[in-house]
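Here's the structure, in structure tokens; my notes come after.
The values are calculated or read from the model by the stated rules, or taken from the named source; none is laboratory data. Since the model is a prediction, treat every value here as computed from it, not as a measurement. All Cβ positions, glycine included, derive from the backbone under ideal geometry; neighbour counts span all protein chains shown. These area figures cover heavy atoms from the full protein model, side chains too; ligands, DNA and RNA do not enter into them. Shrake-Rupley method; radii C 1.70, N 1.55, O 1.52, S 1.80 Å.
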Amino acid sequence: MYSKKVMEHFRNPKNAGELKKANGIGEVGNTACGDVMKVYIKVEKGIIKEAKFLTFGCCAAIAASDAVCAIVKGKTVDDAMKLTKQDVIDYLGGELPQLKIHCSILGIDALKAAIKDYKEKHA
Amino acid sequence: MKKIYLDNGATTMVDPAVVKEMLPFFSDVYGNPSSIHQKGQEAKRYLTEAREDVAKKLNAGYDEIIFTSGGTESDNLAIKGVAYANRDKGNHIITTKIEHPAVLNTCKALEKEGFEIKYLGVDNEGFVILDDLRKAITPKTLLVSIIHGNNEIGTIQPLEKIGNICREHGVMFHTDAVQSFTKVPINAKKVPVDLISMSSHKIHGPKGVGALYVRKGTKMASIQHGGAHEFKLRAGTENVPGIMGFAKAVKLSSDSDAKRIAKLRDRLISGIEKEIHDVKLNGPRGEKRLCNNVNIAFANVEGEALGSYLDVSGICTSTGSACSSHSLEPSHVLLAIGLDKGLANGTLRMTLSRFTTEEEIDYTIGSLKKYVEKLRKISPLKRVLKDVL
């Protein structure tokens, strides 16, 4: 059902965990709809130095959260805001089951919420 | 890697003795039981024997057993067959919210044809509330269809009590016994049930074959038209090899196996409850639960993710939520027992068989502990079970 790349990220998510020194935190989703994702970012001089996540969700949700964190590391917050679901899907080897596309969107939403949180705190 | 197969509610391994039983019926005893020559009559004799074997398990007459292509067809035939044949008497059917889709969607199809369906709720262990059933029966009620052993949470309904209520009101009673057949004894002479759906591949028989018990005298219509097979209730040349395999699987089943499987089931449940905190068993305990069914919600963990980790380590299970199987909605059965949606999405079903071993159960408990901890570590949810229930 899932590609090798998705399973790799699911089995061994490198960016999973809490980021204690985060200066931006975003959480989206709820248990009623299924998935909950929380993204932590550490921003220095406008650049995302570190990104981590916590996810309650299926394989695709965990893999997509991990991918989002991997992609945005080293990017400016403005570039990170431009991340699309296609970027995440491409990073995961180019395919996600149709029903799981929303997982990649949720990951991006969590990231954007974290950036928004950072900006509000540092305006 | 050797697989640990804990998805016997989905399907089972065909017993090697069943395979052996079937083989001659492909290329040796291949006659059509409807043919009048010797080759045909030879097949017919075996077919009759198989029918008697299946009937015996229910203490029924051989002419009360209709072979079908499986559980889904049996459910369709029972419900539509009664509905169409008795339309002059009424248009009301009572079922429950925890039925298998084969019953639920048959009822929904009948709704479009003008039948009225009442979907009864259940209590928090999945039992039908008998008073609700009594109140739901109207003068127009034709049929009550209630699943015997629930496929998701293992609840075994009290057939005799339900059947007695139906009898008092002159209403026919169908039960989907696909999961419970051979695991829970049913004596059709004693229990007032008119139609019983059975399936072969849930009891170590081949796929593509099942049966419907139809009590003698039940007014039924056929829903598939053709020849006069199966007492004119199910047209089509009989699947003789499949039926022989099914009958063999029935003969191989035993009450002592059911007792042994129940012990393993309880070992799995108590192992999980001992090793992992914040878990909830869905459905009842003990004798009112299918001997091979375990269904557990793990707080703050998503079921598909947990099932996938287990799969990677060779353990086949299924999720309580239908999420992994092409729908994002949590299971209708878990919602019907009032389970919180988050917990419903964090539910795993493990279904055992007579081939399950103690070692496999213990290994599964260890793996579950490992992966639930791993997933809880990366979960943003930190809910305590008692706050959710």
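Within region B:300-318, work out how many residues are assigned to a loop (DSSP other than H, G, I, E, B) and over 24 Å from the mean Cα position of the chain (by Cα). Summing the residues that are assigned to a loop (DSSP other than H, G, I, E, B) and over 24 Å from the mean Cα position of the chain (by Cα) in region B:300-318 gives 5.
Test B:ALA17 against the stated conditions and say whether it is small (Gly, Ala, Ser), outside any helix (DSSP H, G or I) and open to solvent by 10 Å² or more (accessible area, probe 1.4 Å). Criteria not met by B:ALA17.
For region B:229-266, filtering for residues that are in contact (Cβ under 8 Å) with a residue 12 or more places away in the chain, loosely packed, with under 15 Cβ neighbours inside 10 Å and among the small types (Gly, Ala, Ser) leaves 2. With respect to B:THR357, determine if the residue is of a type in the set (Val, Ile, Thr), under 30 Å from B:GLU160 (Cα atoms) and not assigned by TED's automatic domain parsing to the domain that holds B:ILE129. Against the criterion (of a type in the set (Val, Ile, Thr), under 30 Å from B:GLU160 (Cα atoms) and not assigned by TED's automatic domain parsing to the domain that holds B:ILE129), B:THR357 does not qualify. Out of B:VAL103, B:VAL29, report the one residue that is of a type in the set (A, V, I, L, M, F, W, C) and either part of a helix (DSSP H, G or I) or open to solvent by 60 Å² or more (accessible area, probe 1.4 Å) (or both). Answer to the selection: B:VAL103.
Going by the structure shown, is A:VAL43 facing another protein chain (nearest Cβ under 10 Å), in a strand (DSSP E or B), among the β-branched types (Val, Ile, Thr) and open to solvent by less than 30 Å² (accessible area, probe 1.4 Å)? When the stated conditions are applied, A:VAL43 does not pass them.
Residue count for region B:343-387 under the criterion of being within 14 Å of another protein chain (Cβ to nearest Cβ), in contact with a Gly (Cβ under 7 Å, 6 or more places away or on another chain) and either assigned to a helix (DSSP H, G or I) or without any contact (Cβ under 8 Å) to a residue 12 or more places away in the chain (or both): the result is 2. Restricting to region B:243-280, name every residue that is under 19 Å from the mean Cα position of the chain (by Cα) and either among the hydroxyl-bearing types (Ser, Thr, Tyr) or farther than 21 Å from B:PHE355 by Cβ (or both). Across region B:243-280, the qualifying residues are B:ILE243, B:SER253, B:SER254. Step by step: first the residues of region A:46-77, then only those that are open to solvent by less than 10 Å² (accessible area, probe 1.4 Å) and assigned to a strand (DSSP E or B), then the one that is farthest from the other protein chains (Cβ to nearest Cβ). Which residue is that? This residue is A:ILE48. As a summary of the residue check, B:GLN41 satisfies the conditions (1) out of contact with any His (no Cβ under 6 Å at 6 or more places or on another chain); (2) outside the structural domain of B:SER200 (by TED's automatic domain parsing) except for the one numbered (2). Of the conditions (1) surrounded by fewer than 19 Cβ atoms within 10 Å (Cβ to Cβ); (2) β-branched (Val, Ile, Thr); (3) under 21 Å from the mean Cα position of the chain (by Cα); (4) part of a helix (DSSP H, G or I), B:THR48 clears all except one; give me its number. If we test B:THR48 against (1) surrounded by fewer than 19 Cβ atoms within 10 Å (Cβ to Cβ); (2) β-branched (Val, Ile, Thr); (3) under 21 Å from the mean Cα position of the chain (by Cα); (4) part of a helix (DSSP H, G or I), just (3) comes out false. Would you check if B:ALA85 is in the same structural domain as B:MET220 (by TED's automatic domain parsing) and touching a residue at least 24 places away in the same chain (Cβ under 8 Å)? Criteria met by B:ALA85.
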